[in-house]
Amino acid sequence: MQFAPITRHDILSIVSHPDDVEMHHSGLLETARSGHVIIATDGEASTVDYTRRSLCRRRNIAHRT
Amino acid sequence: MVEHRESLTEFIVDRARRLGSTALASMGDLGYCGHADHSAAHYAALAAQEILYTRHDITLPVFSLNHRHEGSVVVPVQRNRKLSALALHASQFGFLQSGSDLPPTHRIYEPLLYAETYDTILPAALSMAA
């Protein structure tokens, strides 16, 4: 199966700490067409619009399934 | 009474559908540096991928960060931003200055100063159907 190049993707990155984003996925998120990040820590998940650097949504979640 | 909490997997499925995401990204099965929370996030992403495929007919690749830097998808990075990100951990790992040699505890991150490489993971159900 062929997928589009990264530049045409809308990425949803899943990390466990805000510091993880820049260190692990910043290249991918900067290359992609758009990027959102789910930061799941301490029983709570936040969604950040990486492209706009803004918080989209916060939800109480069970971190470990 | 125990209140049901939505799982991380369910949250990822919900967000991916609402945002119209075309791919998921994780830090790999070992969580890149071995951190259990990183690994848990990776497996939640895979579980969400399967649900999106089997229940919602949405096929998303998971770009899984390759800790050996052998992934087939290679992405350029900005070195200074990576160094700044590493510097955020200086209080935990000790001395670090931009441009200097990384201390031993940071060596695992040195390849990320040059590129990110990812493996592309397809839904398991898709592979079985082929």
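With each label modelled as a point 7 angstrom along the Cα→C-beta vector, the B:Thr120-A:Arg58 pair spans 3.8 nm. How are the Cα pair distances of region A:1-56 distributed, in percent, across 10 Å bins from 0? Over region A:1-56, the share of Cα pairs per 10 Å bin runs 26, 52, 19, 3 percent.
Please give the per residue volume of the convex hull enclosing the alpha carbon atoms of region B:1-92, rounded to a whole number of Å³. Could you put the intermediate results ahead of the total?
On the way: hull volume 14.4 nm³, N = 92.
Hull volume over Cα atoms, normalised by residue count, gives 157 Å³.
Read-outs: derived from the displayed coordinates by stated rules, not from any lab. Quick caveat: nothing in here was measured; it's all calculated off a predicted structure. So basically every Cβ, Gly included, is an ideal-geometry build from the backbone, and we count neighbours across all protein chains shown.
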